[in-house]
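The structure under discussion appears below in the form of structure tokens.
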Amino acid sequence: MYTIPPETSPASVPNLSHAGDSSTFHLTQEDRETLGSLLPPMDREWMLSRAQYYAEYARNLRSMYNAGAPIHRHLPPELLMEIFGHLHPKHRREASLLHVCHAWRALLLRTAEFWVDMLSNSVDHAKLFMEPDDAESGELQCFRFSLVCSSPREISLDIHHYTDCSTRLLAPHSHRISLLQVHIAATEAEHLFRLLGSGMPHLTTLVVTHIKGLTTLTRDEWYTLQSYPLKDSLPRLQDLSVATLFLTPSLSFPTLRTLSIGGCTSCNGQCSGQHSMHHLDTILSFLRRCPSLVHLRSLGATTPDPSRRQTHSAPVDLLHLESMELHGPTSWASDLLDKLALPASTTLKLRTRCDGTTVPRSLRTRPALQTPDRIHIQFYFTENVNRRTVCEVQGWRGESLHVDFSTESTVGESGDVIGEVSQTLGSHSVQDLRIWVPSEVIYTTFRVGQQAVQLLASCPQITRLRWRRASPLHVFQALVTRTSGGAPICPHLEHLVVHWRLSPYGGEAMIRRTWETMKTTLERRAELGSPLKKFVLRCENLKHYWSQEDVENVEKDIIDQLQGVVEELKVNAFHGAST
């Protein structure tokens, strides 16, 4: 407590009781006496010290008040921590929970799961380190704080741009990173590989994509990345997704089970760089180091130079591969498939662009493709600016999809699609054939009608045929074709479903001709000993030719003509489009 110096006269002490400040009347008598005994500037120093004392006193009272809240009296701390662990914060603003009360702050700091989730949010490290060296942004403070508070849990990181500062920040915690997803420019790759080489014993998933338009790797830079010793640094890596630009042999590990190459959406896949990884030999060399692969995706978008497709490598055994997805030119997919020894059960998904052939030739020699019992074929136009034709084919065995491929080509260059599909997937094992031709334009473009006989002949044992949308005239004409033995084509066909959407340009004569061909075909097959057991006919858009009142008569007409030709008949004629 301050005292009045001996040389100071009491008469000089200011009288604060009428100084115009009513706050003096709320002081305790002891404080008023003390204040009255002080001279400037000691009186102001005393006021400041007492203000700080009372502020801390009030804070303690508020903390005690909050601690006595019902949520603290009735909920055990463990339950509150469990709640905090399920909050999944999406922004650093949610760290404001630290300021609710002392009890919440203490519990939240002990809830590692909260900070693990905070770290999983995407962070731009280029912005994180924009402040001067002697200052840290709020984002960086939160990120650094979350790294500390998340210990000892494993963490997942999603980082845009990767700098040398990123490595210094993450290196002390690299042993806890289990998933790392980075979106980087070519010039930042070396910093990332330096972190990978430092040792990440718990890393199981690594995703590296390329940021659009930010340079590419030179050959020397690519070889620099290859020189980083990663072999023993990532002992648990199982899932790798990497842009073609950053794919180096140093990233191949025998522990890999999932590998995805290319497919950068930000650069539309055009990130191959100036290196040799597009050589078939180097791709095969990479795969040879990954014998445990279960899933493989190669999403290339460029057509390799013909010289890069040549290889003298022996086939690569991927005996555990369950699924394989290839995007790119048909010839490239075929070259790669030729050099892979895969289990018969491997599911193939191909999205190719026609460059001479529609279906990769290597598919025709795969034993698994000779065993599907159900084939779906669909034709359509793409809806983008550069309109292209697409043929999509799926081969099923029971409930398992064995092959799923589509080929895209420019209009007028679709080639012999039906012939190639027939040679590739047609077999005696097919029981169910489904064909969807959405319009007459597509029907003409792919010459579906002209090659209907070839398609049906490639699947001689089908018992069920489903046709949708386009005119079925050529299909019914093909069904009366006779084999060399005199039997009708597809002699075991029992169930036929035709869903016909009539075009406004066909004409009533063409429709009646098609109905007459239906009747003639069904009668002829019955005569040859191959009658249908069930025939379902659905006709849409009859409004183009008849009024709604006449449609019912048309439907009755069709039933009268076909009644007795098949065991079970179902006809639905719709004035407009059916639902």
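The values are calculated or read from the model by the stated rules, or taken from the named source; none is laboratory data. The structure displayed is predicted, hence computed values, not measured ones. Cβ atoms come from the backbone with ideal geometry, glycine included; neighbour counts cover every protein chain shown. Ligands, DNA and RNA are stripped out before the accessible areas are found, and what is left, the full protein with its side chains, is counted by its heavy atoms. Shrake-Rupley method; radii C 1.70, N 1.55, O 1.52, S 1.80 Å.
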**Report entry** Pairs with Cβ under 7 Å, 6+ apart, first in the stretch 537-565 and under 17 Å from residue 518 (Cβ atoms), second surrounded by fewer than 15 Cβ atoms within 10 Å (Cβ to Cβ) and of a type in the set (A, V, I, L, M)
**Finding:** 540/577
Report task. Scan (1) open to solvent by 40 Å² or more (accessible area, probe 1.4 Å); (2) over 20 Å from residue 325 (Cβ atoms); (3) outside any helix (DSSP H, G or I); (4) at pLDDT 85 or above for the single condition residue 460 breaks and write down its number. Result -> (1)
Report summary line: Given the conditions (1) surrounded by 12 or more Cβ atoms within 10 Å (Cβ to Cβ); (2) modelled with pLDDT of 85 or more, every one holds for residue 56 apart from (1)
Query raised in the report: If you check residue 75 against the conditions, is it modelled with pLDDT under 85 and surrounded by 10 or more Cβ atoms within 10 Å (Cβ to Cβ)?
Result: yes
**Report entry** Single residue of 408, 440, 383 found to be of a type outside the set (Gly, Ala, Ser) and either modelled with pLDDT of 85 or more or touching a Cys at 6+ places or on another chain (Cβ under 9 Å) (or both)
**Finding:** 408
Query - Members of the stretch 305-327 found to be at pLDDT below 85 and in contact with an Asp or Glu (Cβ under 9 Å, 6 or more places away or on another chain), listed by number - result: 308, 309, 310, 311, 312, 313
Report summary line: Taking the stretch 345-361 and keeping residues open to solvent by less than 10 Å² (accessible area, probe 1.4 Å) and not in a strand (DSSP E or B) leaves 346, 358, 359, 360
Query - Unique match (being farther than 18 Å from residue 517 by Cα, within 34 Å of the chain's Cα centre (by Cα) and assigned to a loop (DSSP other than H, G, I, E, B)) among 421, 441, 430 - result: 430
Report task. Give the stretch 504-554 a look and list any residue that's within 46 Å of the chain's Cα centre (by Cα) and farther than 18 Å from residue 574 by Cα, or say none. Result -> 518, 532, 533, 534
Requested in this report: Answer yes if at least one residue in the stretch 403-410 is touching a helix residue (DSSP H, G or I) at 6+ places or on another chain (Cβ under 8 Å) and among the β-branched types (Val, Ile, Thr), and no otherwise.
Outcome: yes
Query raised in the report: Quick check: anything in the stretch 83-102 closer than 30 Å to residue 178 by Cα, in contact (Cβ under 8 Å) with a residue 12 or more places away in the chain, surrounded by 14 or more Cβ atoms within 10 Å (Cβ to Cβ) and among the charged types (D, E, K, R)?
Result: yes
Requested in this report: Kindly indicate which of 119, 109 is open to solvent by 40 Å² or more (accessible area, probe 1.4 Å) and at pLDDT 85 or above.
Outcome: 109
Query raised in the report: On the given criteria, is residue 563 polar (S, T, N, Q), over 20 Å from residue 438 (Cα atoms) and over 48 Å from the mean Cα position of the chain (by Cα)?
Result: yes
